[in-house]
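The values are calculated or read from the model by the stated rules, or taken from the named source; none is laboratory data. Since this is a predicted model, take the numbers as computed values, not measurements. All Cβ positions, glycine included, derive from the backbone under ideal geometry; neighbour counts span all protein chains shown.
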Amino acid sequence: MSKEKHNMGQLAEDAQALMAATADVAGEKVGEARKRLASALESAREMAGNVRDKAVAGAKVADQAVRENPYQAVAIAVGVGVVVGYLLGRRCSRSSE
């Protein structure tokens, strides 16, 4: 996830640099392209904010559920670990044959 975040940040920085570099370039097509780029950047910022807000809300809900039902949460985690371990064990044993 960190790599994607870095790439998106770099893309936004590059787009802003492109807008700054073309600020004094005249022409209808350049102006229209700058407007579209600015709109796309703003849309991307809004989407990133929405995703962040949803992730925080989901984390809060999960935290509350674990706090309300700690034993169930531990049991579910153990169950998932057993299933994943079993599946990985089967996969590894098949690849060694």
| request: With respect to residue 55, determine if the residue is under 22 Å from the mean Cα position of the chain (by Cα) and of a type in the set (Gly, Ala, Ser). | output: yes
| request: Working only within the stretch 62-77, note down all residues that are loosely packed, with under 10 Cβ neighbours inside 10 Å and either not charged (D, E, K, R) or not in a helix (DSSP H, G or I) (or both). | output: 71
| message | Every residue in the stretch 22-79 that is farther than 26 Å from residue 8 by Cα and touching a residue at least 40 places away in the same chain (Cβ under 8 Å), please. | response | none
| residue 45 fails exactly one of the following numbered conditions: (1) of a type in the set (Lys, Arg); (2) at pLDDT 95 or above; (3) surrounded by 11 or more Cβ atoms within 10 Å (Cβ to Cβ). What is the number of that condition? | (2)
| request: Kindly check whether there is at least one residue in the stretch 13-35 that is surrounded by 10 or more Cβ atoms within 10 Å (Cβ to Cβ) and among the basic types (Lys, Arg). | output: yes
